[in-house]
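Trainee: A single structure is presented below for examination.
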Amino acid sequence: MKQKILYNNKHYPKDSAARVLTARVPIVNQDLTINEIKEILFEHISEFETINYIYVVNKNNKIKGVISIKDIFRRAKNEIVRKIMIKDIITASNYTTQEKIAFLAIEHNLKAIPIIDKNGCLLGVVSSDNILNIIHTEATNDILHLAGIHGSSDSSRYIITASAMVHFQKRLPWLTLGLLGGVVAALVVGFFEQSLQNHLILAAFIPAVAYMADAVGTQTQTIFIRSIALDCKLNLRKYVLREMKVGFTLAIILGFLILIISLIFWKSVVVSFILGLSIFITIIVAMLIGVSLPWFFMKLKYDPAIASGPLATVFRDILSLILYLSIAQFILSLI
């Protein structure tokens, strides 16, 4: 019953299911009885790494079904496996990402995910212990990405116990990027200094415009990254069209809201129109960046989550300032 590893998993990508699967699982023939399976389990129990499920294969090792350990001990001894096994099986390929494996386990409430090759032959399973470890690692890495800490080969375990010098080296580049982004933002504001001097209220709304860009961009980006992680065949066109509808609706409502509020408090139709139009356009652009930036990283074979954190924040802040102040200068030049 002890299964042999049929391949060298080091040949597979580091984040693939093949790197964390085990072949030490109960694999049986579909013509066996429940009593025969029990005897096999008791005889070889020390050889298995996990026994949450017993996997049923044919003579060519193609997976045909699965039966849980609970069913083994509550079924009649003479029942045939093929008559009671679950045939609708959730499987993944050896190249499926570990993150996708974890999501499959959560989505379908499974303790292990069987891994098959392109011919449907069972290679092994990703056990519950490894699934929990993947979830922990991915969650920690996502948090570190949001904080602007990238590049560690195993961030979730490594960064916690790393030395002060390692932390310095990992965090300085992104903080430097943020600082340079602030300098660029200051230059942008300085370029529109004349317009701001004549309408100081416009300067007071710079943080609000930048915040709206960040908030909408972060929401869109986070949802998109999770979506492509869950569905490798995501219909990008359909997804973008849906996000455009959401973004357009949000932009209209929030743009109109700021227009009304500014009109009530500052009594200026021009300033109110500038703010309303700026918020509207900024939200639309931030939404597009929230999808295009992770997509761009994905096409370059980088983790799309790298697009989050300081890099995306700096990009959105500068672009939202340019849009806002350009709109203000253009409208003010017309009156």
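Trainee: Of the listed peptides 323-335, 213-225, what is their order by residue-averaged count of other C-beta atoms within 10 Å, with the highest listed first?
Mentor: Descending packing order for the listed peptides: 213-225, 323-335.
Trainee: Still on this structure, please answer the following. Given Cβ point charges of +1 (Lys, Arg) and -1 (Asp, Glu) and nothing else, what value in debye, to the nearest 20, does the dipole of segment 163-333 about its Cα centre take?
Mentor: For this selection, approximately 560 debye.
Trainee: Also: As a check on your grasp of the helix formula, calculate [θ] at 222 nm for the chain: sum -39500 (n - 2.57) over DSSP H runs of n ≥ 4, divide by the residue count, round to the nearest 500. Spell out each step's value before the answer.
Mentor: Values: 13 runs with 207 residues, N = 335.
The helix-only estimate for the chain comes to -20500 deg cm²/dmol at 222 nm.
Trainee: Stretched out fully, how many nm does the piece from residue 165 to residue 12 gain, at 0.36 nm a residue minus the Cα gap?
Mentor: The span from residue 165 to residue 12 would gain 51.9 nm if fully extended.
Trainee: Based on the Cα atoms of the chain, what semi-axes does the equivalent ellipsoid have, where each is the square root of 5 times one gyration tensor eigenvalue, given in whole Å with the largest first?
Mentor: Working: eigenvalues 625, 98, 41 Å².
Rounded to whole Å, the semi-axes are 56, 22, 14.
Trainee: For the pairs 38/64; 64/100; 245/299; 38/62; 111/301; 118/299, note any where the Cα-Cα span goes beyond 27 Å. Numbers along the way, then the final one.
Mentor: On the way: 38/64 19 Å; 64/100 22 Å; 245/299 25 Å; 38/62 22 Å; 111/301 30 Å; 118/299 24 Å.
As for pairs spanning more than 27 Å Cα to Cα, those are 111/301.
Trainee: Using only Cα atoms, find the angle between the long axis of helix 206-230 and the longest principal axis of the chain, and express it within 0 to 90 degrees, rounded to the nearest 10.
Mentor: 20
Trainee: How far, in degrees from 0 to 90, does helix 98-107 lean away from the longest principal axis of the Cα atoms of the chain, to the nearest 10?
Mentor: Here the helix axis deviates by roughly 80 degrees.
Trainee: Taking a ≥ b ≥ c as the square roots of the eigenvalues of the Cα gyration tensor of segment 30-133, is the shape rounded (a/c under 1.5), prolate (a/b larger than b/c) or oblate?
Mentor: prolate
Trainee: Still on this structure: Given a 10 angstrom Cα cut-off, can you work out which residue in 69, 115, 252 is the most mobile in a GNM of the chain?
Mentor: Comparing 69, 115, 252 in the GNM, the peak value goes to 69.
Trainee: Arranged from highest to lowest average of other beta-carbon atoms within 10 Å per residue, in what order do the peptides 288-296, 17-25, 204-212, 86-94 appear?
Mentor: Descending mean neighbour count gives 17-25, 288-296, 204-212, 86-94.
Trainee: In Å, what is the Rg of the alpha-carbon atoms in segment 40-88, and how long is Dmax?
Mentor: Taking only Cα atoms of segment 40-88, I get Rg and Dmax of 11.2, 29 Å.
Trainee: Another question about this same structure. Using only the Cα atoms, what convex hull volume per residue in Å³ does segment 163-333 have?
Mentor: Measuring per residue, one finds 132 Å³ for the Cα hull of segment 163-333.
Trainee: So between residue 197 and residue 39, what do we pick up on full extension, going 0.36 nm a residue minus the alpha carbon distance?
Mentor: Difference between extended and current length: 48.3 nm.
Trainee: Right, something else. Put a dot 7 Å past each Cα toward the Cβ at residue 90 and residue 266; how far apart are the dots in nm?
Mentor: Going by the 7 Å Cα→Cβ label model, 5.2 nm.
Trainee: In degrees between 0 and 90, to the nearest 10, how far off the longest principal axis of the chain does helix 269-299 point, with axes built from Cα atoms?
Mentor: Roughly 30 degrees, rounded to the nearest 10.
Trainee: When you count, for each residue, the other Cβ atoms within 10 Å and take the mean per peptide, how do 78-84, 245-251 rank with the highest first?
Mentor: So the peptides 78-84, 245-251, ranked by packing, come out 245-251, 78-84.
Trainee: Right, something else. Using Cα-Cα distances under 8 Å and only pairs 6 or more residues apart, what relative contact order does segment 163-333 have, in percent?
Mentor: This gives 36 percent for segment 163-333.
Readers should treat all values here as calculations from the given coordinates under stated rules, not as data from a laboratory. Owing to the predicted nature of the structure, the values given are computational and were not obtained by experimental measurement. A quick note on method: Cβ atoms are made from the backbone with ideal geometry, for glycine too, and the neighbour counts reach across all protein chains shown.
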